[in-house]
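Only one structure is covered here, and it is reproduced in the block below.
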Amino acid sequence: MKKVVVMIFLILFLGGCGKDDDKLVMVTEAGFAPYEYYENGEIVGVDIDIAKEIAKYLGKELVVKDVAFDSIINEVKTGKADFGAAGISYNEERAKQVDFTINYSTSKQIVVVKEDNIKININDLDNLKIAVQLGSVGDTYVTKNYPNAEIVRQKKYLAAIQDLLKNKVDCVVMDELPAKEILKNNAGLKILNQELFSDTYGMVVKKGNKELLDAINKVLEDLVEEGKINEFIINHLEGEE
């Protein structure tokens, strides 16, 4: 009888050791400075600062997971994470799988080329070899608009930049702020003057999780109204100089 009681206790105990309701799990791809990047072995950035405010509002401990960008949606969709943030742009395909918050930041998508390259015209990138981050809005845009281009998809922006430095591709399409940060440590590259297109970012939660969605939107609205998100961006840009 004692053995049966012990077994029942263990089953109940282990069954309750799944998700910790005191923790708020955020999933990101930490190669997207100034929004998320590593500093002294810790993931920091604009989105982390925002996530801390969300966790504070909810009275929970923030836990940050670093995964490949194209895995973020699935992590949230399957409940492995509560929400995702990593410069995620709204599109219909993603919206079928997760719910989006309000947009909280706007950024430009630009083109990075070798510094001595004077031939590439931002208005005509077709027939070129273009590197992008897999699953990013740049990937979607290039795929849709340049059918004759050869697209090289990398999981990290740094890998795409390395392809450019080694002359494996003609250019990289990416977000302006991470591009500026990466170029600080990679001589011989430049950003073409004209932007390719503008992009807005939101966060994502599991479909139907209205309670968390409303809470995140409330925090985002307050931070935008108070000018805090712009402060976060400036702080992290300055911090990386």
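With Cβ to Cβ distances under 14 Å as the rule, what net charge do the other residues near Ala95 carry (K, R +1; D, E -1)? Please report the intermediate quantities before stating the final value.
Values: positive: Lys77, Arg94, Lys96, Lys206, Lys207; negative: Glu92, Glu93, Asp99.
Local charge sum for Ala95: +2.
Between helix 46-58 and the chain, what is the angle of the helix's C-alpha long axis to the longest principal axis, kept within 0 to 90° and rounded to the nearest 10?
20 degrees
Given the Cα atoms of region 179-232, and with Rh set as the inverse mean 1/r over their pairs in the Kirkwood sense, what is Rg to Rh to two decimals? Walk me through the numbers on the way to the answer.
On the way: Rg = 17.0 Å, Rh = 14.7 Å.
My calculation puts Rg/Rh at 1.16.
Dividing the Cα convex hull volume of the chain by residue count, how many Å³ per residue is that? Write out the running numbers ahead of the final one.
Numbers: hull volume 38.1 nm³, N = 241.
For the chain, the hull spanned by Cα atoms encloses 158 Å³ per residue.
Return the whole-Å distance between the Cα centroid of region 181-241 and the Cα centroid of region 40-99.
Value for the Cα centre distance between the two parts: 12 Å.
Which order do peptides 149-161, 43-55 fall in by mean Cβ count within 10 Å, highest first?
Ranking, from highest mean packing down: 43-55, 149-161.
Please go through the residue pairs Lys65/Lys206; Lys129/Lys168; Lys96/Lys210; Lys108/Lys218; Lys23/Lys52 and name each one whose alpha carbons sit more than 18 Å apart in this structure.
On the way: Lys65/Lys206 16 Å; Lys129/Lys168 8 Å; Lys96/Lys210 15 Å; Lys108/Lys218 25 Å; Lys23/Lys52 12 Å.
Result: Lys108/Lys218 exceed 18 Å.
Report, to the nearest 10°, how far helix 2-15 tilts away from the longest principal axis of the Cα atoms in the chain, using its own Cα long axis and a range of 0 to 90°.
Taking the Cα atoms of the chain, the angle to 2-15 is about 30 degrees.
How big is Rg to Rh over region 70-184, alpha-carbon atoms, Rh as the Kirkwood inverse-mean-distance radius?
Working: Rg = 15.1 Å, Rh = 15.2 Å.
Expressed as Rg/Rh, it is 0.99.
Given H placed 1.01 Å from N in the peptide plane, which residues other than close sequence neighbours of Glu195 have an amide H under 5 Å from its amide H?
Placed amide hydrogens put nothing under 5 Å from Glu195.
Report Rg (one decimal) and Dmax (nearest whole number) for region 141-197, counting Cα atoms only, units Å.
Calculated on Cα positions, Rg and Dmax stand at 11.4, 32 Å.
Which number do you get for Rg(Cα) / (2.2 N^0.38 Å) in region 19-103? Provide the component values of the computation, followed by the final result.
On the way: Rg = 12.4 Å, N = 85, 2.2 N^0.38 = 11.9 Å.
Relative to the 2.2 N^0.38 Å estimate, region 19-103 comes out at 1.04.
Only the coordinates and a few stated rules stand behind these numbers; no lab work does. All of these numbers come straight from a predicted model, not from anything done at the bench. Cβ atoms come from the backbone with ideal geometry, glycine included; neighbour counts cover every protein chain shown.
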